[in-house]
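The structure under discussion appears below in the form of structure tokens.
None of the figures in this text is laboratory data; all of them are computed from the coordinates on show. Since the model is a prediction, treat every value here as computed from it, not as a measurement. Note that we place each Cβ from the backbone using ideal geometry, even for glycine, and neighbour counts take in every protein chain shown.
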Amino acid sequence: MCAHARPGGVRPGLPSAGHYGEAVFRPEQPGEDDRIDLGALVYDDITMARLRSLGVGPGWNCLDVGAGTGTVARRLLYEAGVATVLAVDRDVRFLTAHPLPGLGVLEADISAPGFDPGRFQLVHARFLLMHLPSRERLIAGLGELLAPGGVLVLSDAVDLTTATAPATPYTRVMQAMWQGLRGTIGTDVSWVPDYPHLFRTAGLASVAAEIHVPPLVPGSPISRFWARSWDRAREAILATGLVDDATVEAAIRYLDSPDCAALSPGMITAWGWRPQEGMPSSSACADQEQLRRDDSGGGRT
Ligand SMILES: C[S@@+](CC[C@H](N)C(=O)[O-])C[C@H]1O[C@@H](n2cnc3c(N)ncnc32)[C@H](O)[C@@H]1O
């Protein structure tokens, strides 16, 4: 379904099989927090609305993995009124910069064997698993971190049009970006639409998913996010050989021009519940269905 689904090659010389934050999107590069925050400006309201409608609120102990600059972790505390949030990242410099009561910070690689920070009512990750290998194992592992009756909520990127849209500088650079990221840090969003199925395989109940695609309006946070991301991933993009520097520049200008008329990649959010102890996941499904009927917002408050 996505242009970037096919394996991507990169020119010799550029690191391959690396990790997020190494060859690309290095946290020590000035402005990386601003780039992450542009994505947060686009998606935080969507994420918070979904978490609130799932019932996340006072008394909840939450885990946010790959927390980035911590915008969701902070809003869970001061907006949803949860009890605690443990924010985990492989680099916590943006999380420790602004302490907040209730906010715990843990520097850890969630792929590392033995990653086990406790049990939580909410386990959340956004734009993380798409950058990591062994997703099925990771989804199962994150599900294991749920307390009985807790909910796993994962969001990642989905690109509905780049593969099929006419070849413009914008679509060609987007395609080259996915291929370049795949070749350098292993990013792969082709499997993301399988989230609901993977959640069920992991034993979660009342699984559901939704997609949000933000409008590409010149000067908007999503347009600025893509321009900034292409700039930072330029070496990986050019290394694919699919586009040259002039095409990247043309695509960046296009994003900021009144002629811009394209569809951005968007975000899939999927969620599923860990059944209460002693309850088979099929009964848990029926139970959750009842709760959903009781609460048209889709939650279980
Ligand atoms: C694209 S950012 C998303 C940040 C945040 N979740 C958001 O949506 O605004 C991905 C984050 O995941 C972190 N990360 C990448 N690989 C990780 C790993 N293996 N373990 C923990 N964190 C990781 C990165 O350092 C970065 O902060």
Q. If you go through region 100-110 one residue at a time, do you hit one that is without any contact (Cβ under 8 Å) to a residue 40 or more places away in the chain, over 19 Å from D37 (Cα atoms) and among the charged types (D, E, K, R)?
A. yes
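Identify all residues within region 162-189 that are in contact with a helix residue (DSSP H, G or I) (Cβ under 9 Å, 6 or more places away or on another chain), surrounded by fewer than 18 Cβ atoms within 10 Å (Cβ to Cβ) and either aromatic (F, W, Y) or over 17 Å from A236 (Cβ atoms) (or both); write none if there are none. Can you show your working first?
Within region 162-189, the first condition is being in contact with a helix residue (DSSP H, G or I) (Cβ under 9 Å, 6 or more places away or on another chain), and the residues that meet it are 162-165, 167-189.
Cutting the leftovers down to surrounded by fewer than 18 Cβ atoms within 10 Å (Cβ to Cβ) gives us 163-165, 167-168, 186.
Scanning region 162-189 gives A163, T164, A165, A167, T168.
Out of V105, V82, V56, V88, which single residue is closer than 29 Å to V24 by Cα and either part of a helix (DSSP H, G or I) or over 17 Å from the mean Cα position of the chain (by Cα) (or both)? Steps first, please.
Details: V82 fails: closer than 29 Å to V24 by Cα; V56 fails: closer than 29 Å to V24 by Cα; V88 fails: either part of a helix (DSSP H, G or I) or over 17 Å from the mean Cα position of the chain (by Cα) (or both).
Unique residue meeting the criteria: V105.
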Scanning region 74-103 residue by residue, those more than 13 Å from L51 (Cβ to Cβ) and of a type in the set (D, E) turn out to be D89, D91
Is region 134-141 home to any residue that is more than 10 Å from the ligand (Cβ to nearest atom), aliphatic (A, V, I, L, M) and assigned to a helix (DSSP H, G or I)? yes
Inside region 247-259, the number of residues satisfying the requirement of being in contact with a helix residue (DSSP H, G or I) (Cβ under 9 Å, 6 or more places away or on another chain) and either of a type in the set (G, A, S) or crowded, with 17+ Cβ neighbours inside 10 Å (or both) is 7
Among residues of region 209-232 being within 16 Å of T171 (Cβ to Cβ) and touching a residue at least 60 places away in the same chain (Cβ under 8 Å), the residue surrounded by the most Cβ atoms within 10 Å (Cβ to Cβ) is I222
message: Given the condition among the hydrophobic types (A, V, I, L, M, F, W, C), within 9 Å of the ligand (Cβ to nearest atom) and farther than 22 Å from D45 by Cα, answer yes or no: does some residue in region 69-83 qualify?
response: no
